[in-house]
Amino acid sequence: MQTGWPVTGHAYERIGRYTQTPFFHRFQSWLAVPAAFSELAQAKGLEEEWKDVLHFIRAAPAKPRKSPAPSLPCPSSTTPLSKARPRTLAYRRNCFRDRPVAGPPLELDGLAHAPVNELGVVFFFGMFAHSLGFRVVSFQPGFPDCEAMREVQPGKWQRVRIEFEYESRNFRKHRHSHKGCDVIVCWRHNWKDCPRDLEVVELRRFVK
């Protein structure tokens, strides 16, 4: 454990036998795990049994988080400037055409904003492939984009073929064959008729 703060997700995987993936599925954030554990122990009457762990959790200082700025609508052309809120004036109706755009802010050290294209999805996946249970073997320019190993049973690993898309429905738009791929890794899953034998990992589910 770190001094003054519960063990990090990466330390949990390094010291323990399991990945932190189930915690991301259940709580969406590793930082939410200590509070959830404390609530569960209290609800199940296990506070005495786990008093040493609970003492450490409750004694840990609150880790500051950055709150994203509120999203405000742009003022209409008929809105008097004197009545518009100051922050609203910072927004523009039209984007600059000579520079890229970014997604909403993220509370991540290595990625400031949410992906807006396939390349951003690849970068995000690279940051959290280990936490998601994947061990990347190779990337390639052709289809599928990536091959990785994943533990399918305790002590047994298997190769999976991964295709990256910003939106899952782009898989069909690009005319890929689902027979040559096992997993779609995307930011947004919006393919309603996606074949059942094709797994989809929607990355935006893992951040708030």
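Only the coordinates and a few stated rules stand behind these numbers; no lab work does. Predicted, not measured: the structure shown is a model, and the values here were computed from it. In this analysis, Cβ positions are derived from the backbone assuming ideal geometry, glycine residues included, and neighbour counts consider all displayed protein chains.
Go through the range 143-160 residue by residue and turn each phi into a ³J(HN,Hα) via Karplus (6.51, -1.76, 1.60, θ = phi - 60°); whole Hz please, and just put x for glycine and proline.
Per-residue couplings from phi come out as 8, x, 5, 8, 10, 9, 9, 9, 6, 9, 9, x, x, 10, 10, 9, 6, 10 Hz.
Where a ≥ b ≥ c are the square roots of the eigenvalues of the C-alpha gyration tensor, would you call the range 102-208 rounded, which needs a/c under 1.5, or, failing that, prolate if a/b is larger than b/c, or oblate?
Numbers: a/c = 1.68, a/b = 1.16, b/c = 1.45.
Verdict is oblate for the range 102-208.
Can you tell me how much longer the chain between E107 and V53 gets when fully stretched, taken as 0.36 nm per residue apart minus their C-alpha distance, in nm with one decimal? Working shown, then result.
Working: separation 54, 0.36 × 54 = 19.44 nm, distance 2.66 nm.
Full extension of this stretch gives 16.8 nm more.
Rank by packing, highest mean first: peptides 173-181, 130-138, 96-104, 50-58, with packing defined as the count of other Cβ atoms within 10 Å averaged across residues. Can you show the working numbers first?
Working: 173-181: 11.9, 130-138: 15.2, 96-104: 8.9, 50-58: 13.7.
Per-residue mean Cβ counts within 10 Å order the peptides as 130-138, 50-58, 173-181, 96-104.
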